[in-house]
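The values are calculated or read from the model by the stated rules, or taken from the named source; none is laboratory data. None of the values given here were measured: they were computed from a predicted structure. Please note: Cβ atoms are built from the backbone with ideal geometry, for glycine as well, and neighbour counts cover all protein chains shown.
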Amino acid sequence: MLPELLNGLANVFHPMTFLLMVFGTIVGVVIGALPGLSGSTGIILLLPLVYQLDAATAIVMLCGLFCGSMYGGSIAAVLLNTPGTPSAAATMLDGYPLCQQGLAGKALGVSATSSFLGGLISSICLILIAPQLAKIALSFHAADYFALSLFGLTIMASTDKNIVKGLISGVFGLLISTVGIDAVAGLDRFTFGNYQLMRGFQLLSVLIGVFALSEVFVIVQKGGEREGTSQQQKVGRVLPSWVDFKGFALAAIVGAVIGVFIGIIPGTGGSISCFLAYNVAKKLSKHPEKFGHGALEGVAAPEASNNGTTGGALIPMLTLGVPGDVVTSVMLGALILIGVRPGPMLFVENPDIVYMIFAGMLIVQFIMLAAGLVCAKFSPKILKIHQTILMPIIAVLCIVGAYSNANNMFDVLIAILFGLLGFGMKKFGYPGAPLVLGLILGPIAEENLNRALVISDNNWSVFITSPISCIFLLLSAASIIYAIYTNIRDGRKEMAEKTA
């Protein structure tokens, strides 16, 4: 294995291959930073170039774009309270408060460092245990997927101090996830005769509306000025100090491990793992009360996690031909178009391509770290642009991003409507993250619940008899109990402080 990996490294450092890998990573960072665009969009934009390259070089460039877009999403999340990609939705929970405190540079530095750690760990897992991890993911059944989704949904109880408002927001997300065609019965649900709603509310449009356009509306209402603008423009130190690194290292490592595990489960991805990692990091932290107010661990965990999914998502794609998430599904289509068919035989018929991917994923992490730190130093300067200029630019990018999802003006309308909804939610203190979480996990939970019951002939005990499902159900119960306990404890503390 080592000789093949060294040969792959030699091929990666071929001048043209290396330059294209750097190009792909930088393009990924830029695309990820633009609200509404994602790695899948970048891959589609680069398809004309992919056709002109040999297969191995094209794959390495696409891997660079994949990893770069994962980090790039944190730039908009930290600076503008707008997740550049769905995988950065949890990053803004603590990244934007850091920006408001004048620590935008540090937040982006922590994001870049954590992304590097997450990507490096996932690349090592990809190299060492790809076939074994793919077998574990393959052993998941419908009951296990449902229990995993349920565990993810319990996180909505701990994404905000007010559990009731968090649950209301999350339940609303679950409700809107039912709009469209029922995956089991094939019937229309809540479409009210509108054929556009048959495909449901698209995640990208909802994300753009709830987080991006709502922020534009809030700033417009304030007369074009954002809170703490003068402080936000002070970049400060970018590279995290050793003390800071020791503070968030555990959260980053835990997030990376969660990201790898979630990434190898087909159909999941960074948008799920980032919230799981954020929740686990909050429970493990010595200072959970800082989360949501600018905790470095709150930035490190989701960023390490969503970059951990990059190597994890490639595992089932390369070994089984099953994409791990949306981006790898687009990447799978791109590879098939250029004559490479991922699957078990790829390791036998094209080992040179496989080990070039392994080597490329390792080197891409270092390129991404360098590009991330450079961007962290200069990207906060975007806040020096006056809000009357910046907000229309963001609004236009949001509209273009919503339209580019399916070249459909209806998606633009949905984004605007959810922007107004998000504006109202911010005004009355309802968090947006649980709504998105419900929209992401709702269809997965519903589909696998129905499938598990059909397979077991409506025997509900299947969720307990399956060891994997039972473990996730216990974790779900523990997560809810912990959220209730911390809420009661914090309430008692506030009561005691008021009394004192």
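Per-structure values
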{"read-out": "Qualifying residue in the range 442-461 (condition: in contact (Cβ under 8 Å) with a residue 60 or more places away in the chain, surrounded by 19 or more Cβ atoms within 10 Å (Cβ to Cβ), over 25 Å from the mean Cα position of the chain (by Cα) and part of a loop (DSSP other than H, G, I, E, B))", "value": "no"}
{"read-out": "Qualifying residues in the range 80-92 (those that are touching a helix residue (DSSP H, G or I) at 6+ places or on another chain (Cβ under 6 Å) and part of a helix (DSSP H, G or I)) - the one surrounded by the most Cβ atoms within 10 Å (Cβ to Cβ)", "value": "SER87"}
{"read-out": "Residue ID - nearest to THR328 (Cα to Cα), chosen from residues in the range 342-376 that are of a type in the set (Gly, Ala, Ser) and crowded, with 21+ Cβ neighbours inside 10 Å", "value": "GLY360"}
{"read-out": "Residues of the range 230-276 classified as small (Gly, Ala, Ser), in a helix (DSSP H, G or I), surrounded by fewer than 24 Cβ atoms within 10 Å (Cβ to Cβ) and modelled with pLDDT of 80 or more, total", "value": "2"}
{"read-out": "Residue check for VAL412: modelled with pLDDT of 85 or more and either crowded, with 19+ Cβ neighbours inside 10 Å or closer than 24 Å to ASP182 by Cα (or both)", "value": "yes"}
{"read-out": "Criterion (touching a Leu at 6+ places or on another chain (Cβ under 6 Å) and farther than 14 Å from VAL210 by Cα) met by exactly one of GLY419, GLY442", "value": "GLY442"}
{"read-out": "Residue within the range 64-80 that is within 29 Å of ILE208 (Cα to Cα), at pLDDT below 80 and not β-branched (Val, Ile, Thr) present", "value": "yes"}
{"read-out": "Any hit, the range 201-210, residues being modelled with pLDDT of 80 or more, at positive phi and either in contact with a Cys (Cβ under 9 Å, 6 or more places away or on another chain) or surrounded by fewer than 21 Cβ atoms within 10 Å (Cβ to Cβ) (or both)", "value": "no"}
{"read-out": "Single condition MET92 does not satisfy, out of (1) aliphatic (A, V, I, L, M); (2) under 18 Å from ILE208 (Cβ atoms); (3) in contact with a Leu (Cβ under 7 Å, 6 or more places away or on another chain)", "value": "(3)"}
{"read-out": "The range 385-399, subset out of contact with any helix residue (DSSP H, G or I) (no Cβ under 9 Å at 6 or more places or on another chain) and assigned to a helix (DSSP H, G or I), residue modelled with the highest pLDDT", "value": "VAL396"}
{"read-out": "Test result for GLY24, surrounded by 24 or more Cβ atoms within 10 Å (Cβ to Cβ), under 20 Å from GLY308 (Cβ atoms), touching a Pro at 6+ places or on another chain (Cβ under 9 Å) and modelled with pLDDT of 75 or more", "value": "no"}
{"read-out": "Qualifying positions in the range 400-409 - surrounded by 14 or more Cβ atoms within 10 Å (Cβ to Cβ), modelled with pLDDT of 75 or more and not in a helix (DSSP H, G or I)", "value": "ASN408"}
{"read-out": "Meets criteria (of a type in the set (Lys, Arg) and farther than 25 Å from GLU303 by Cβ) for LYS377", "value": "no"}
{"read-out": "Residues being among the hydrophobic types (A, V, I, L, M, F, W, C), surrounded by fewer than 24 Cβ atoms within 10 Å (Cβ to Cβ) and assigned to a helix (DSSP H, G or I) - total across the range 277-316", "value": "2"}
{"read-out": "Among (1) within 15 Å of ILE367 (Cβ to Cβ); (2) aromatic (Phe, Trp, Tyr); (3) at pLDDT below 80, the one test that TYR51 misses", "value": "(1)"}
{"read-out": "Sole exception among (1) β-branched (Val, Ile, Thr); (2) touching a Leu at 6+ places or on another chain (Cβ under 7 Å); (3) not in a helix (DSSP H, G or I) for ILE75, by number", "value": "(3)"}
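Here is a yes/no grid of residues against (1) modelled with pLDDT of 90 or more; (2) among the β-branched types (Val, Ile, Thr); (3) part of a helix (DSSP H, G or I):
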| position | (1), (2), (3) |
| --- | --- |
| GLY102 | no, no, no |
| LEU128 | no, no, yes |
| ILE136 | no, yes, yes |
| ALA147 | no, no, yes |
| PHE151 | no, no, yes |
| THR154 | no, yes, yes |
